[in-house]
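**Q** One structure follows; several queries about it will come next.
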Amino acid sequence: MSKQEPQIWLIGCKGMLGTELSLLLQKTGLAFTGTDRDVDITNPAALVEFVKSRPFAWIINCAAYTAVDKAEDDIETCRRLNAVGPGNIAACAKSVGARLIHLSTDYVFDGKGIVADGIARPYREDDTAYPVSVYGRTKRDGEIAVLENPRSYIIRTAWLYGKYGPNFVATMLRLMNERTGVKVVNDQQGSPTWAGDLAATIVEIINAESCGRPIPYGVYHYTNQGGITWFEFAREIYAQSRTLGLVKKDCAVNPCTTAEYPTRAPRPAYSVLDKTKIETALGIVIPPWNESLRRYLRAE
Ligand SMILES: NC(=O)c1ccc[n+]([C@@H]2O[C@H](COP(=O)([O-])OP(=O)(O)OC[C@H]3O[C@@H](n4cnc5c(N)ncnc54)[C@H](OP(=O)(O)O)[C@@H]3O)[C@@H](O)[C@H]2O)c1
């Protein structure tokens, strides 16, 4: 390890995004330490104790309460993980002068879209947050707490899928192999995000700093490019998986409405995020959702 390499603390290293990031950091040779439930983010003393003798320049927080429906009845646990925990991490980062990268969500918006001339446009970072679920409210409170550390990056993402956690793509592949048909909601629009692309972007933020071209602190949006419905996503998962032999038999993919499949927590009808800010800051071109899906499925 060279002296220039950043010292990184990856929190939530066993989750879907955390595992993806652990593997990528290992591959890129960036020195890091990963923790998960073994260092409880809801316990400020545990965090302080952990950083005491470790000179972290970066802290990445992938830990969260992500069970959106369960959160409606488990408010206190959700709040401790999504709001109190990030506040503890921010205080800890501030005390040692570390930069903090924290993950947030499209659920901080109400999902009605910002409508101009009758057409919804993608949400920008400075559009007013108006969460309508327990998960969304606690994540928004977590964002506010994280910004107490002036050296913070908040990355809002959405529709995350990857190899190392339960997600929509994995569920669809299972159902398509089990059933003769699936019905998928066609009145909620958003953008899928492959965890591999998001992990690479987080590493880019750290590398940009190491290369002497740091990007400004603040809130950024990151998903894959394109706005589609869950039905359109499922249809493409089916088409690509059939070609690749991951789905071995015919399965009809049909659209339905949200009203036909009520959930405990409300789902945003529109949650496409504008990614111009992060693309400009890092000088990257974000891959389209269907291209990233192909890369993901090919590596399965
Ligand atoms: N998944 C999505 O679709 C999605 C969409 C938008 C935004 N996001 C955001 O993206 C980030 C990563 O999501 P993800 O899906 O990768 O999350 P995840 O798979 O649920 O991982 C979260 C990790 O945090 C751990 N954890 C739980 N309680 C902890 C505690 N007290 N202290 C330390 N670690 C604890 C979890 O352990 P256990 O598994 O044992 O509980 C798990 O390993 C989150 O901030 C999430 O809000 C996710």
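**Q** Would you work out what percent of the accessible area of the chain, with all protein chains in place, is carbon or sulfur (probe 1.4 Å)? Show your work: numbers first, answer last.
**A** Details: 7180 of 13620 Å².
In the chain, the share of accessible area belonging to carbon and sulfur is 53 percent.
**Q** Cα axis of helix 134-146 to longest principal axis of the chain: angle in degrees, 0 to 90, nearest 10?
**A** For 134-146 against the chain, the angle is about 30 degrees.
**Q** Something else: Averaged per residue, what accessible area in Å² does the chain show with a 1.4 Å probe, protein chains only? Don't jump to the answer; show the numbers that get you there.
**A** Values: 13620 Å² over 300 residues.
Using a 1.4 Å probe on heavy atoms only, each residue of the chain averages 45 Å².
**Q** Provide, as a two-decimal number, the C-alpha radius of gyration of the chain over 2.2 N^0.38 Å, N being how many residues it has. Mind dumping the intermediate values first?
**A** Working: Rg = 19.2 Å, N = 300, 2.2 N^0.38 = 19.2 Å.
In units of the globular-protein estimate, the chain measures up at 1.00.
**Q** Can you tell me the orientation of helix 195-210 relative to the chain, as the angle in degrees between its alpha-carbon axis and the longest Cα principal axis, to the nearest 10?
**A** 30 degrees
**Q** Where does the chain land at 222 nm, in deg cm²/dmol rounded to the nearest 500, when only DSSP H runs of n ≥ 4 count, each adding -39500 (n - 2.57), divided by all residues?
**A** Numbers: 11 runs with 115 residues, N = 300.
Calculated at 222 nm, the ellipticity per residue is -11500 deg cm²/dmol.
**Q** Based on alpha-carbon centroids, what's the gap between region 108-123 and region 132-161 in Å, whole number please?
**A** That distance is 19 Å.
**Q** Something else: Once you charge only the Cβ atoms, +1 for Lys and Arg and -1 for Asp and Glu, what is the size of the charge dipole of region 17-145 about its Cα centre, to the nearest 20 debye?
**A** On the way: 15 positive and 18 negative charges, 101 e Å.
Computed about the Cα centre, the dipole is about 480 debye.
**Q** How big is the gap, in Å, between the Cα center of region 272-287 and the Cα center of region 165-189?
**A** 28 Å
**Q** Right, here's the next one. Provide the percentage of antiparallel DSSP beta bridges, counting only those with both residues in the chain; round to the nearest 5. Mind dumping the intermediate values first?
**A** On the way: 5 of 37 bridges.
Restricted to the chain, the bridges split so that about 15 percent are antiparallel.
**Q** Looking at the calculated P(r) for region 223-300, what percent of the C-alpha pair distances fall above 20 Å? Walk me through the intermediate numbers first.
**A** Numbers: 1482 of 3003 pairs.
The share of Cα pairs beyond 20 Å in region 223-300 comes to 49 percent.
**Q** Tilt of helix 168-178 relative to the longest C-alpha principal axis of the chain, in degrees (0 to 90, nearest 10)?
**A** 40 degrees
**Q** Could you give the size of the charge dipole of region 184-300 about its Cα centre, using +1 on the Cβ of each K and R and -1 on the Cβ of each D and E, expressed in debye and rounded to the nearest 20?
**A** Details: 12 positive and 12 negative charges, 53 e Å.
It comes to approximately 260 debye.
**Q** Taking a 25 Å limit on the Cα-Cα distance, which of the listed pairs Lys52/Lys139; Lys94/Lys275; Lys183/Lys277; Lys112/Lys277 fall beyond it?
**A** Working: Lys52/Lys139 27 Å; Lys94/Lys275 27 Å; Lys183/Lys277 35 Å; Lys112/Lys277 22 Å.
Beyond 25 Å between Cα atoms: Lys52/Lys139; Lys94/Lys275; Lys183/Lys277.
**Q** Here is a follow-up. On a C-alpha basis, how far is the centre of region 1-68 from the centre of region 215-240 in Å? Whole number, if you could?
**A** After rounding, the separation between the Cα centres reads 25 Å.
**Q** Just tell me which lysines come within less than 19 Å, Cα to Cα, of Lys14; anything on the same chain fewer than 8 places away is out.
**A** Straight-line reach from Lys14, under 19 Å: Lys27, Lys163.
**Q** Among Asn290, Ile75, Leu100, which residue has its Cα positioned farthest towards the positive end of the charge dipole of the chain, with +1 placed on the Cβ of Lys and Arg, -1 on the Cβ of Asp and Glu, and the dipole taken about the Cα centre?
**A** Of Asn290, Ile75, Leu100, it is Asn290.
**Q** If you put +1 on each Lys and Arg Cβ and -1 on each Asp and Glu Cβ, how big is the dipole of the chain around its Cα centre, in Debye rounded to 20?
**A** Details: 35 positive and 33 negative charges, 122 e Å.
For this selection, approximately 580 debye.
The values are calculated or read from the model by the stated rules, or taken from the named source; none is laboratory data. Source: prediction; values computed, not measured. For neighbour counting, all protein chains shown are included, and Cβ atoms are generated from backbone atoms with ideal geometry for every residue, glycine included. SASA here: full protein model, heavy atoms, side chains in, ligands and nucleic acids out. Shrake-Rupley method; radii C 1.70, N 1.55, O 1.52, S 1.80 Å.
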